[in-house]
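Colleague: I am attaching a structure below and will ask some questions about it afterwards.
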Protein chains: 2
Amino acid sequence: MRSATGGAEEPGTVAAPPDTSARARILEAAVLRFARSGFGASVRAVATDAGVSPALVIHHFGSKDKLHEACDEHVLAWIAKSKRENMGKATGGRLLEVLAQADEFAPLVGYVLRSMQAGGAVGKSFVEHMIDDAEKYTAEAVEQGLAKPSLDERARVRYLVYSSLGSLLLSVTMNPPDDPEDVNTAVRAFMDDLYLPMLELFTEGFLTTRRMLDDYLLYVGDPPPGAGEDEPAA
Amino acid sequence: MRSATGGAEEPGTVAAPPDTSARARILEAAVLRFARSGFGASVRAVATDAGVSPALVIHHFGSKDKLHEACDEHVLAWIAKSKRENMGKATGGRLLEVLAQADEFAPLVGYVLRSMQAGGAVGKSFVEHMIDDAEKYTAEAVEQGLAKPSLDERARVRYLVYSSLGSLLLSVTMNPPDDPEDVNTAVRAFMDDLYLPMLELFTEGFLTTRRMLDDYLLYVGDPPPGAGEDEPAA
DNA sequence: CAACAGGCTAAACAGGTGTTCAGTGTTCGC
DNA sequence: GCGAACACTGAACACCTGTTTAGCCTGTTG
């Protein structure tokens, strides 16, 4: 077998042989296992999946928490890369759906969902990035006249991201796929069921009058006018 | 083996006037502990909270799973009662918010959220009941001319419930309150932040044109006219 | 009074957990 | 060749888990 354990990894795009190292195999197995069974999965389970001994997992990563962190970093790096590559075709809040369709990435999507479920770092980071992106996209959409302006753009974006990701998370949690690996099936089912009402709500709204909105505005006072200066901590 | 507590007495029908009994104290402590720390909390933790020995917990409930089931039943019964009492003032998807404001019920709300997070029975039941209720309320709202009719009423209701509960769950998961007991603070913060954009979306929509909706309708074919009841296979 | 019953507990059990340790080979620089 | 560094493992350790066992203690009943 090749040694080639030099720290310098070749950034070759096509030939990527060095991911057969035990460390990489463990990391991949851990991401998959955590996505499947949640972060309570045992080190022994990860080791078995990777075909190594539990001691080797600790030897390479130091502890289970460190392994968890390494998985987080790994997935975050993958998200950053995927975001760059899919910038064009995945607009707005549909990044996850697009990614989930690629079987290759499905386990990673599962990991993100698990992290959101557990309130972990990856989930938080993913949601925040999603909000930042969505803010940009909606601003463009407003400029182009595709989307209506909002009384509070930032708050609207937060709401849109929270409701879309939250509903997806809830749907997957309530109706977990038989094989925990193919999250894409669950995501697809979610989209099939709920895409129409979402689109309908987005184009036509839900209420017939402005009464509730106006009453609320009167009650809480005016929201930040247009481009709010800054938001002091409450 | 001799069964210590004769299984003759059916729980629920037994008239237990003093809820100061150890069994009741354990049940209450378990609901609170599970809401606080999730269902991974140990039997010993519950026992300590209740001021009893771990053995007594098992003695009264048989096993940890049985204790979990008993908690579920307890909370479900409470939900049913609260729904009956608050039918009038809590309309639509705002039941949880109303209930969360009553400090007395806050831990129970926390339990419901935990169960939704874990995909447990209480969460599932709660969501389904919520959908049933919301369907009734929106039907009334449509009749009264307050809400616009939908291409698929059932799907819209499901979407509304999933997005409101899902966004709440995600918000609480991402920003857990310092003291896990007062969920009401987190719920209140969620409402303060996201109620305006929600209301805005409901009254004005988001998109300026019907193009995306029409394109989608053309793509998937017409939705079930009126009361469609079929579930498309994946 | 004695005898029994049941709520209740301390202690232990069996099993799983993350982690450590001593010791395999195998490979590399000298 | 040598010795060191390396990836790697089986076995153990200490701890925590749910659960069981034996027995205490109190109240009731004969």
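Colleague: Could you work out the mean count of beta carbons from other protein chains within 10 Å of each residue's beta carbon in A:165-178?
Modeller: For peptide A:165-178, the averaged partner shielding equals 6.
Colleague: Just grab the label-to-label distance for B:Y137 and A:D19, each label 7 Å out from Cα along the Cβ direction, in nm (one decimal).
Modeller: The two pseudo-label positions are separated by 4.7 nm.
Colleague: What is the dipole size for the range A:142-191, taken about its Cα centre, with +1 at each Lys and Arg Cβ and -1 at each Asp and Glu Cβ, in debye to the nearest 20?
Modeller: On the way: 5 positive and 7 negative charges, 77 e Å.
Roughly 360 debye for the range A:142-191.
Colleague: Follow-up. Inter-copy label distances at A:E181, 7 Å along the Cα→beta-carbon direction, one decimal in nm, shortest first?
Modeller: In nanometres, ordered from closest: 4.6.
Colleague: Tell me, what ³J(HN,Hα) does each residue in the range A:180-197 have, in order and in whole Hz, if you take phi through Karplus 6.51 cos²θ - 1.76 cosθ + 1.60 with θ = phi - 60° and put x for Gly and Pro?
Modeller: For the range A:180-197, the Karplus curve yields x, 7, 8, 5, 4, 4, 5, 5, 4, 4, 4, 5, 4, 6, 10, 6, 4, x Hz.
Colleague: Per residue of A:49-62, how many C-beta atoms from partner chains lie within 10 Å of its own C-beta, taken as a mean?
Modeller: If you average over the peptide's residues, the count of other-chain Cβ atoms is 0.
Colleague: Using a Debye calculation, one point per C-alpha and no hydration shell, please list log10 I(q)/I(0) for the range A:123-189 at q = 0.21, 0.27 Å⁻¹ in order.
Modeller: So the normalised log intensities are -0.88, -1.10.
Colleague: Shifting gears a bit: Distance cut-off 22 Å, Cα to Cα: go down the list A:K124/B:K64; B:K81/B:K136; A:K124/B:K124; A:K83/A:K136; A:K83/A:K148; A:K81/A:K124 and report the pairs above it.
Modeller: Values: A:K124/B:K64 32 Å; B:K81/B:K136 19 Å; A:K124/B:K124 25 Å; A:K83/A:K136 14 Å; A:K83/A:K148 26 Å; A:K81/A:K124 18 Å.
Over 22 Å apart, Cα to Cα: A:K124/B:K64; A:K124/B:K124; A:K83/A:K148.
Colleague: Give me the inter-chain shielding for A:115-123: mean count of other chain Cβ atoms within 10 Å, whole number please.
Modeller: Going residue by residue through A:115-123 and averaging, the value is 3.
Colleague: Here's a follow-up. Note the distances from A:A80 to each other copy's matching label point, with points 7 Å along the Cα-to-beta-carbon direction, in nm, sorted shortest first.
Modeller: From this label point to the equivalent ones elsewhere in the assembly: 5.3 nm.
Colleague: Any idea what the A:Y219 label distances to the other copies are, label 7 Å down the Cα→Cβ vector, nm, shortest first?
Modeller: Here A:Y219 shows inter-copy label distances of 3.7 nm.
No lab work stands behind these numbers, since they all come straight from the coordinates. Here the structure is a predicted model, which means the values were calculated and not measured. Glycine gets a Cβ as well: all are built from the backbone with ideal geometry, and neighbour counts include every protein chain shown.
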